[in-house]
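Notes follow once the structure below has been shown.
The values are calculated or read from the model by the stated rules, or taken from the named source; none is laboratory data. None of the values given here were measured: they were computed from a predicted structure. Counting neighbours? That spans all protein chains shown, and the Cβs are built from the backbone with ideal geometry, glycine included.
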């Protein structure tokens, strides 16, 4: 891979958090370390490594603090953790994470079902987490990701005004950025463009990442749509792990390998080496034997004559 | 589905040709009839029903004339057939097709491997087919689809100038339109936009359909890219049948169900009823027992609250 000055897009790998908490099996801690090392070796520089939730609820995340401590040894890596509440934020900050992400649902029904809090209560929780952060770790940015931004399996449509309102509220509560998540795989490209434009009109450069799912096959098209309207940060999961798959073959999260291939083929530098990225599937599969993996690019291989970094811009 | 004045996009179903000739099993003629009837019932109004090639080469297509005759009984359906040469065109026109499509490869290496003709010889073949058409069926349009327009598994890169040159040549040879095919699944959205713009600059409104593959997961993103630059006709295959899959799970052709869902969710009318389209998988599976089928939307189902035709435009 040729030298590149700096990536044009940030790919944030969420597999060790979003992926691992969605599967029943628990990946041993040592295997998590190997997998994260392989992701880092491929060039990923932001990884959501864990979720700080009670181990009785998510045994897959019981070693969150250990995983964070290991990830902190990798130079230049932004170590991100999901925290659903203040208690999780305390633990994550104590472990030394570089960045926090808080899921805040635009769907009232989903908010109650997912975190047993209203949207207003979650805005207050963001405010509390920001206050804690200001006190104990003022350099750690807080992201509040708007879940069910494009639709909800419980309530159906989610009003775009609700999404814009919530994004504005969490920024006012002190979060540094707010991204949009297609938690339920209901987004379409026209909606993605429209909603990101509306959110940017409201919160400007505090607009965060696009977190797209591939539930109905539109994951990459939705990422392209977000890219077209100026989004430059994308969540993705190696091998498409996680994201509430409905059925075998119907992966949830956008597949990191396919997303990176799309951008690199377009001439958009990701900073990630595709061959090493595909190689990072091996420690994932070793740590989760028998778990289904997704991704078209790894199956098909890179195209004949494909030279990363050589594409038109 | 609400009444719609007319579709904003033409989805051309290629499964009965591209799909069936790519699988080893031979679908019985009666099953082909049922499948085509179901596709028509879902609202598809252009179907590539057969390939007119010698039965010893493609036994799957031995009943091409019978299939055409059946499809001709469906009112308002454009019955399309692929013909690789003059002999095929003679048989297809004798059977009464409404439209011919001729594959012409932009890759010199692929052209020789696929049809044992140079690109120049294929341009001459287009001219011969047009002359025949002018004589025996002057109202039948001829499309020349540029295969390997975005890259070739044999020669690697295909020069964009070659694609523009070939599209210009086949139009000069008398073809009514020329579309672009990502035969090898190597296209990316930036390339799709650039190349369709170049081809349109050369042949204007004679620019034909986008025929995209999902080999590396970019099928829908590439269709979106083509839509963005004004393409309004798309080939797709029900259940992703055909298109040279590399491996299980790695479907070749863009899945009709997912493509129609994307457009309808965007508020772009296709004229196709999604539920009936998904129901058209049953006769396909009945006619090809055990054959793998693809498609994320059929697996996940339509989103809660999704009303076709109700989306924003």
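How many of the residues in segment A:262-277 are in contact with a strand residue (DSSP E or B) (Cβ under 9 Å, 6 or more places away or on another chain) and part of a helix (DSSP H, G or I)? Looking only at that region, the number is 1.
Evaluate segment B:112-135: report whether one residue or more is within 14 Å of chain A (Cβ to nearest Cβ), modelled with pLDDT under 95 and either assigned to a loop (DSSP other than H, G, I, E, B) or closer than 21 Å to residue B:13 by Cβ (or both). No, because not a single residue in segment B:112-135 is within 14 Å of chain A (Cβ to nearest Cβ), modelled with pLDDT under 95 and either assigned to a loop (DSSP other than H, G, I, E, B) or closer than 21 Å to residue B:13 by Cβ (or both). None of A:185, A:242 is modelled with pLDDT under 95 and away from chain B (no Cβ under 11 Å) except A:242.
Hey, among A:158, A:83, A:170, which residue is within 23 Å of residue A:15 (Cα to Cα), crowded, with 24+ Cβ neighbours inside 10 Å and touching a residue at least 24 places away in the same chain (Cβ under 8 Å)? Step through it out loud before you land on a result.
Numbers: A:158 fails: within 23 Å of residue A:15 (Cα to Cα); A:170 fails: within 23 Å of residue A:15 (Cα to Cα).
After ruling out the rest, the residue left standing is A:83.
Within 8 Å of chain A (Cβ to nearest Cβ) and at pLDDT 95 or above - does that describe any residue in segment B:195-211? No, every residue in segment B:195-211 fails to be within 8 Å of chain A (Cβ to nearest Cβ) and at pLDDT 95 or above.
If the requirement is being within 22 Å of residue B:206 (Cα to Cα) and within 21 Å of the chain's Cα centre (by Cα), which of these qualifies: B:72, B:80? Of the residues listed, the single one that is within 22 Å of residue B:206 (Cα to Cα) and within 21 Å of the chain's Cα centre (by Cα) is B:80.
Anything in segment A:14-42 that is in a loop (DSSP other than H, G, I, E, B) and at pLDDT below 95? List them, or say none.
Filtering segment A:14-42 down to residues in a loop (DSSP other than H, G, I, E, B) leaves A:14, A:23-28, A:42.
Selection gives A:23, A:24, A:25.
Out of the residues in segment A:281-313 that are more than 10 Å from chain B (Cβ to nearest Cβ) and farther than 15 Å from residue A:27 by Cα, which is modelled with the highest pLDDT?
So the first thing to find is which residues in segment A:281-313 are more than 10 Å from chain B (Cβ to nearest Cβ), and the list is A:281-291, A:308-309.
Filter again for farther than 15 Å from residue A:27 by Cα, leaving A:308-309.
Numbers: A:308: 88, A:309: 76.
Across segment A:281-313, the extreme among qualifying residues is A:308.
Inspection of segment B:135-153 identifies at least one residue that is in contact with a helix residue (DSSP H, G or I) (Cβ under 6 Å, 6 or more places away or on another chain) and surrounded by fewer than 16 Cβ atoms within 10 Å (Cβ to Cβ). Regarding residue A:228, is this residue within 21 Å of residue A:10 (Cα to Cα), touching a strand residue (DSSP E or B) at 6+ places or on another chain (Cβ under 6 Å) and within 13 Å of chain B (Cβ to nearest Cβ)? It is false that residue A:228 is within 21 Å of residue A:10 (Cα to Cα), touching a strand residue (DSSP E or B) at 6+ places or on another chain (Cβ under 6 Å) and within 13 Å of chain B (Cβ to nearest Cβ). The set of residues from segment B:247-263 being within 9 Å of chain A (Cβ to nearest Cβ), modelled with pLDDT under 95 and within 19 Å of the chain's Cα centre (by Cα) comprises B:250, B:251. Looking across segment A:264-280 at every residue that is closer than 24 Å to residue A:26 by Cα and either modelled with pLDDT under 95 or buried (at least 20 other Cβ atoms within 10 Å of the Cβ) (or both), the one that is nearest to the other protein chains (Cβ to nearest Cβ) is identified as A:278.
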